[in-house]
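Student: Take a look at this one; I'll ask things after.
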């Protein structure tokens with residue numbers, strides 16, 4: 001089962017600053033979470049992220065699981081050292097803290113396996129997973145699928161998705177039931193005036209028109 005964790009505002013701990021640790025950090029960027037990296041040495045990519053305030057960095061030699069003692073409130077722990085036994089011990093201790101845990105080289109003890117992600121303008125994500133059987137094949141298939149998806153998914157699809165997010169937030173306090181909110185949101189996709197605005201890159205005007213329709217939806221007398 002592929003899930004998309006909501007990491008907004010959550011604390012995430014990445015242990016290890018090598019290639020695998022860097023890859024995991026890159027996957028976390030844009031998730032609005034608080035990323036802390038613990039490592040003895042870090043590469044240029046992580047150094048740049050630290051200097052730009054994207055991550056918190058703790059330079060420390062990792063020899064045992066005592067590094068977790070100050071992180072009982074962490075939501076997600078990613079063990080990415082070059083020591084498989086240590087990674088497993090970190091995962092086992094992290095479970096005691098009731099954190100979600102992942103070992104980069106040991107999917108059997110991890111709470112989840114990493115999918116290979118296609119990210120389209122930080123708006124859409126498509127995941128390809130081999131259930132941890134072969135991360136290499138997942139990446140290979142991602143490259144194939146990405147070529148197709150980038151030809152298939154148009155800018156209007158991206159803009160409609162962003163409009164839907166905006167309208168859903170605005171509708172939540174006004175339209176009381178989930179069923180009615182869905183009907184309203186579907187009506188925006190079917191509305192030719194809104195779609196014409198989106199096709200002409202007039203997304204702000206489309207938002208204003210959506211608000212007008214929301215106002216009429218909540219008060220039938222205005223229609």
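The values are calculated or read from the model by the stated rules, or taken from the named source; none is laboratory data. In this text the structure is predicted, and so the values were computed from the model without any measurement. Quick reminder, even Gly has a Cβ in these numbers, built from the backbone with ideal geometry, and neighbours come from all protein chains shown.
Student: Would you check which residues across segment 176-195 are surrounded by 15 or more Cβ atoms within 10 Å (Cβ to Cβ) and not in a helix (DSSP H, G or I) and list them?
Tutor: If the condition is that a residue be surrounded by 15 or more Cβ atoms within 10 Å (Cβ to Cβ) and not in a helix (DSSP H, G or I), then 191 is the only one that fits.
Student: Please specify each residue of segment 71-86 satisfying the condition of being farther than 17 Å from residue 28 by Cα, in contact (Cβ under 8 Å) with a residue 24 or more places away in the chain and not in a loop (DSSP other than H, G, I, E, B).
Tutor: The one that is farther than 17 Å from residue 28 by Cα, in contact (Cβ under 8 Å) with a residue 24 or more places away in the chain and not in a loop (DSSP other than H, G, I, E, B): 86.
This table checks each residue for (1) surrounded by 12 or more Cβ atoms within 10 Å (Cβ to Cβ); (2) more than 21 Å from the chain's Cα centre (by Cα).
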residue	(1), (2)
34	yes, no
44	no, yes
54	yes, no
58	yes, yes
69	no, yes
74	yes, no
77	yes, no
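Student: Please work out which residue is nearest to residue 125 (Cα to Cα), limiting yourself to segment 163-175 and to residues that are in a helix (DSSP H, G or I) and out of contact with any helix residue (DSSP H, G or I) (no Cβ under 7 Å at 6 or more places or on another chain).
Tutor: Of everything passing the filter in segment 163-175, 165 is nearest to residue 125 (Cα to Cα).
Student: While we're looking at this one, here's another question. Pick out, from segment 1-64, the strands (runs of 3 or more DSSP E) lying fully within it that include 3 or more residues that are on the phi > 0 side of the Ramachandran plot and touching a residue at least 24 places away in the same chain (Cβ under 8 Å).
Tutor: In segment 1-64, no matching strands (runs of 3 or more DSSP E) lie anywhere.
Student: Another one. For segment 197-223, what are the residues that are surrounded by 13 or more Cβ atoms within 10 Å (Cβ to Cβ) and closer than 18 Å to residue 154 by Cα?
Tutor: 197, 198, 199, 202, 203, 206
Student: Any residue in segment 134-141 that is touching a helix residue (DSSP H, G or I) at 6+ places or on another chain (Cβ under 7 Å), surrounded by fewer than 18 Cβ atoms within 10 Å (Cβ to Cβ) and not assigned by TED's automatic domain parsing to the domain that holds residue 30?
Tutor: no
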